[in-house]
Amino acid sequence: MLKLYENPSVEEVKETWINEKGIRLFIKREDRIHPYVSGNKWRKLKYNLLKAHEDGHRTLLTFGGAYSNHIYAAAAAAKEAGFQSIGVIRGDELADKPLNTTLSFARDNGMRFHFVTRENYRNKREEQFIASLRELFGEFYLLPEGGTNDLAIKGCEEIVDDEVRSFDFIALPVGTGGTISGVISASDKYQQVIGFSALKGDFLIDDVKNFLSTYQHNRPLSLNWQIETDYHFGGYAKTTSKLINFIRQFEAAHDIPLDQVYTGKMMYGVYDKISKGYFDEGAKILAIHTGGLQGRRL
Ligand SMILES: Cc1ncc(COP(=O)(O)O)c(C=O)c1O
């Protein structure tokens, strides 16, 4: 349903000071998977689109902020797979403003918008709110905010193939916790999965435990994972000049673009932990490039 444009390659990130410690760092270019439905978005949408199609839906409805990678990708994926799409967008004030590049792209891909107040947006999981959307728009297949549900986790399991299983550590950014849940679920128990939270606070640890226990039902909860909470740089979508400088240097040295909301923070965290001696000599680390480059603002 959704075309895979390129199989994601694994590239080595050669850095003399890292290699002198006997450590090797690689990156899996999930961002290259599709020009518009990149990285974890493609993984999350794959089985959801199949299910929507199987159930005979013609319209997808989803939620997001004005800069959302998910809104951007969902609009493109819906168009490619032949669905109508509706985006419920946080912030009713946006209705009277010119659309930013993310929303213009979504509109150009056929997405209709429903702008709601920030207060109303908080009801995004409430039955009553969803019922009012059905009254407005008719039947639709509901994709939650960030695209995270059980089918999304199933899709994210496929990030972990045999090559990925040859690494000691798998690093990736965390937003809602869906992607890391799939990666944990498909990883081998001798691997350690390290998530870098793009948001302030440690609530994502519980969120991931909840996703895993629902997804894995009868299996004992995996223990081979952790979420680092010190690399949020002030919170969701916040940046500092230290982060921006790091991303610029990384991009210049390796010709691999990063964004400042997710992958830049994750890569900064990986470098920082290497420099602080967290990884032993001989460690093989794989960072997952989860895409999100439409939101790159440097
Ligand atoms: C580019 C990118 N990387 C990582 C994430 C985090 O994924 P998750 O929400 O599944 O934790 C997101 C979205 O939330 C994203 O857009």
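Tabulated data
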{"read-out": "Criterion: assigned by TED's automatic domain parsing to the domain that holds Leu142, within 30 Å of Ser9 (Cβ to Cβ) and in contact with a helix residue (DSSP H, G or I) (Cβ under 9 Å, 6 or more places away or on another chain) - qualifying residue of Gly91, Gly87, Gly64", "value": "Gly64"}
{"read-out": "Listing of helices (runs of 4 or more DSSP H) fully contained in the stretch 101-199 that carry 3 or more residues being under 23 Å from Trp42 (Cα atoms) and within 16 Å of the ligand (Cβ to nearest atom)", "value": "101-108, 150-157, 178-186"}
{"read-out": "From Gly56, Gly65, residue being away from the ligand (no atom under 14 Å from the Cβ) and surrounded by fewer than 24 Cβ atoms within 10 Å (Cβ to Cβ)", "value": "Gly56"}
{"read-out": "Residue identified as within 20 Å of Gly292 (Cα to Cα) and modelled with pLDDT of 95 or more among Lys41, Lys51", "value": "Lys41"}
{"read-out": "Candidate set: the stretch 138-186, residues that are open to solvent by 20 Å² or more (accessible area, probe 1.4 Å) and of a type in the set (Ser, Thr, Tyr); chosen: the one farthest from Met266 (Cα to Cα)", "value": "Tyr141"}
{"read-out": "Every residue from the stretch 252-298 that is near the ligand (Cβ under 9 Å from one of its atoms) and of a type in the set (A, V, I, L, M)", "value": "Val261, Met266, Ile288, Leu293"}
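Here's the yes/no breakdown for (1) out of contact with any His (no Cβ under 7 Å at 6 or more places or on another chain); (2) more than 14 Å from the ligand (Cβ to nearest atom); (3) open to solvent by less than 40 Å² (accessible area, probe 1.4 Å):
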{"position": "Asn7", "(1), (2), (3)": "yes, yes, no"}
{"position": "Val10", "(1), (2), (3)": "yes, yes, yes"}
{"position": "Arg24", "(1), (2), (3)": "yes, yes, no"}
{"position": "Ile27", "(1), (2), (3)": "no, no, yes"}
{"position": "Arg32", "(1), (2), (3)": "yes, no, no"}
{"position": "Val37", "(1), (2), (3)": "yes, no, yes"}
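The values are calculated or read from the model by the stated rules, or taken from the named source; none is laboratory data. A quick note: this is a predicted structure, and the numbers were derived from the prediction, not measured. Cβ coordinates were reconstructed from backbone atoms using ideal geometry, including for glycine residues, and neighbour counts include every protein chain displayed. The area values use the complete protein model at the heavy-atom level, side chains included, leaving out ligands, DNA and RNA. Shrake-Rupley method; radii C 1.70, N 1.55, O 1.52, S 1.80 Å.
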